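The values are calculated or read from the model by the stated rules, or taken from the named source; none is laboratory data. Computed from a prediction, not measured in an experiment: that's the story for all the values here. Neighbour counts are summed over all protein chains in view; Cβ atoms, including those assigned to glycine, are modelled from backbone coordinates with ideal geometry.
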Amino acid sequence: MDIAKVGIVGAGQMGNGIAHVCALAGYDVLLNDISDDALRAAIALIDKNLERQVQRGKIGADEKATALGRIRGTSDLTELGQTDLVIEAATERETVKIAIFEDLVPHLQPHTILTSNTSSISITRLASRTDRPEKFMGFHFMNPVPVMQLVELIRGIATDEPTYQACLAVVERLGKTAASAEDFPAFIVNRILMPMINEAVYTLYEGVGSVSSIDSAMKLGTNHPMGPLELADFIGLDTCLAIMNVLHEGLADTKYRPCPLLTKYVEAGWLGRKTKRGFYDYR
Ligand code: CAA
């Protein structure tokens, strides 16, 4: 099927990156968020990130202008009914995502593919709350979206082959590489990454190392671009905790128990870079 118009729900960290790469690849993008202020901030950030690519010689100034011209913000979710592919990139909370699908589904065209950028929640369960489980997929980007090469594609139990192939074609047009994952808690990337981050928090909690020694050990000792605690701050500690809870509940194994220190930071509102405080202080 031919996808020309992409609707994105949520203009936060992931949603604005997804809008950025879709527009650059030539899709018309309708970016939805509940507030006009959030939309304005997201489009300003896309402008800044595109400019960064112009300055580094990755794209031309004309490509930047064309891409920006392809993005329109709307606070009216029902407008996304006019798109061919919807990528939901709202908060990583199942109740929020289901409420969005319930509001959106009555306005969708029959052919529209509905996807979620969820990093851990069951695709099969989300799909079952829509009118189109066969046209529902997991479409999971990595942060920062314009830089990271991977998209995880996750089929729910009912996802049909044409839907999978259409999403694969979108990933290829974005210039990215797809990894196909089965629908089990946290899929591939977060099934492996989050226990590592959680273990780094335990390492801190138990006093094995300081924040800087844990991060230097992993950066210099294993060639990771960021240490695990720096990466946790970058992803958001609330997101890390939400994913650990999905693993813990979904796989019912104590090895996925979230570290109490991670829980405490989230309870304090120390969520990492976005609140200017996490394992590091960004104030
Ligand atoms: N938009 C566009 N370009 C961007 C960008 C953005 N938002 N952020 C960074 N860049 C570009 C820079 O312009 C630069 O480009 P060049 O290579 O052309 O110079 C390049 O990315 C590197 O950026 P910097 O030089 O500013 O900084 P850096 O070298 O320290 O790299 C980083 C930054 C790319 C974020 C790197 O530290 C990194 O790869 N970190 C690990 C990120 C990671 O693991 N992400 C996955 C998280 S897990 C996830 O997302 C899944 C989930 O569900 C939680």
Tell me, which helices (runs of 4 or more DSSP H) lie completely within the stretch 1-110 with 2 or more residues that are within 14 Å of the ligand (Cβ to nearest atom)? 13-24, 36-55, 61-69
If you go through Leu77, Leu45, Leu39, Leu108, the only one that is in contact with a helix residue (DSSP H, G or I) (Cβ under 9 Å, 6 or more places away or on another chain) and either surrounded by 19 or more Cβ atoms within 10 Å (Cβ to Cβ) or not assigned by TED's automatic domain parsing to the domain that holds Pro146 (or both) is Leu108
If only one of Thr115, Thr124, Thr159 is away from the ligand (no atom under 16 Å from the Cβ) and either buried (at least 24 other Cβ atoms within 10 Å of the Cβ) or part of a loop (DSSP other than H, G, I, E, B) (or both), which one is it? Thr159
Residues of the stretch 252-281 satisfying the condition of being in contact with a Gly (Cβ under 9 Å, 6 or more places away or on another chain) and touching a residue at least 40 places away in the same chain (Cβ under 8 Å): Tyr256, Gly272, Arg273, Lys274, Gly278, Phe279, Tyr280
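Listed here are the residues, each with its yes/no results for (1) farther than 26 Å from Asp253 by Cα; (2) surrounded by 14 or more Cβ atoms within 10 Å (Cβ to Cβ); (3) touching a Cys at 6+ places or on another chain (Cβ under 8 Å).
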residue	(1), (2), (3)
Ile188	no, yes, no
Ile192	no, no, no
Met218	no, yes, no
Gly221	yes, no, no
Phe234	yes, yes, no
Show the residue pairs that are 6+ apart or on different chains and have beta-carbon atoms under 7 Å apart, the first residue being within the stretch 224-244 and without any contact (Cβ under 8 Å) to a residue 60 or more places away in the chain, the second being near the ligand (Cβ under 8 Å from one of its atoms) and of a type outside the set (A, V, I, L, M). Met226/Phe234; Ala232/Cys240
Residue check for Val29: in contact with a helix residue (DSSP H, G or I) (Cβ under 7 Å, 6 or more places away or on another chain) and at pLDDT 95 or above: yes
For the stretch 172-181, which positions are out of contact with any Phe, Trp or Tyr (no Cβ under 8 Å at 6 or more places or on another chain), within 22 Å of Ile192 (Cβ to Cβ) and of a type in the set (A, V, I, L, M, F, W, C)? Ala178, Ala179
Failed condition for Arg173, given (1) under 22 Å from Val147 (Cβ atoms); (2) within 16 Å of the ligand (Cβ to nearest atom): (2)
